[in-house]
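These notes are about the structure you will find just below.
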Amino acid sequence: MKDQGRSTRKRTGGRLKHLHKKKKHELGREPTETQVGENDFRTVDARGNTQKIRALTTDVANVTDGDETVNATIQDVVENDANPNYARRNIITKGAVIVTNEGKARVTSRPGQTGQVNAVAVDE
């Protein structure tokens, strides 16, 4: 979520003066909202000498069941605690429950930050 900065109004309703312009470390970006679909990635410059890989759309998940990890195909998003509309729009975030060809799984990674979907199998 973007940081909008402090309020432009005082408690009394009067206007506040600007203290400074926005700094580089105050920069915010729109959420990625990774969807189910053919793989599409973007790289974004991050702080320091690093880059983040954002998954805009993906249909592959690494599903772990006990000590065995399998590459599975994502078919649907069943529920998403972050936002009920995300489940309807097939948006994958951390904590979302997805349906794969290996069964249901809960996402443990952040696909908008790391570019990959890691999930743990759910018994249901």
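The values are calculated or read from the model by the stated rules, or taken from the named source; none is laboratory data. Here the structure is a predicted model, which is why all the values come from computation and not from measurement. Positions of Cβ are backbone-derived with ideal geometry, glycine not excepted, and every protein chain shown enters the neighbour counts. Remember, those area values only see protein heavy atoms, side chains included, never the ligands or the DNA or RNA. Shrake-Rupley method; radii C 1.70, N 1.55, O 1.52, S 1.80 Å.
The table that follows gives values for the structure above.
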item: Residue in region 50-73 that is modelled with pLDDT under 95, assigned to a loop (DSSP other than H, G, I, E, B) and either aromatic (Phe, Trp, Tyr) or surrounded by 10 or more Cβ atoms within 10 Å (Cβ to Cβ) (or both) present; result: no
item: Any chance Val77 is at pLDDT 95 or above and touching a Phe, Trp or Tyr at 6+ places or on another chain (Cβ under 8 Å); result: yes
item: Residue tally, condition open to solvent by less than 70 Å² (accessible area, probe 1.4 Å), in a loop (DSSP other than H, G, I, E, B) and over 26 Å from Arg89 (Cβ atoms), over region 10-39; result: 3
item: In region 100-119, the residues that are farther than 20 Å from Gln51 by Cα, open to solvent by 40 Å² or more (accessible area, probe 1.4 Å) and either in a strand (DSSP E or B) or of a type in the set (D, E, K, R) (or both); result: Glu102, Lys104, Arg106
item: Selection from region 40-49 of residues that are open to solvent by 70 Å² or more (accessible area, probe 1.4 Å) and farther than 15 Å from Ser109 by Cβ; result: Arg42, Thr43, Asp45, Arg47, Asn49
item: Residue that is least open to solvent (accessible area, probe 1.4 Å) [pool: residues in region 83-97 that are closer than 14 Å to Thr108 by Cβ and free of Cβ contacts under 8 Å to residues at least 24 places away in the same chain]; result: Ala96
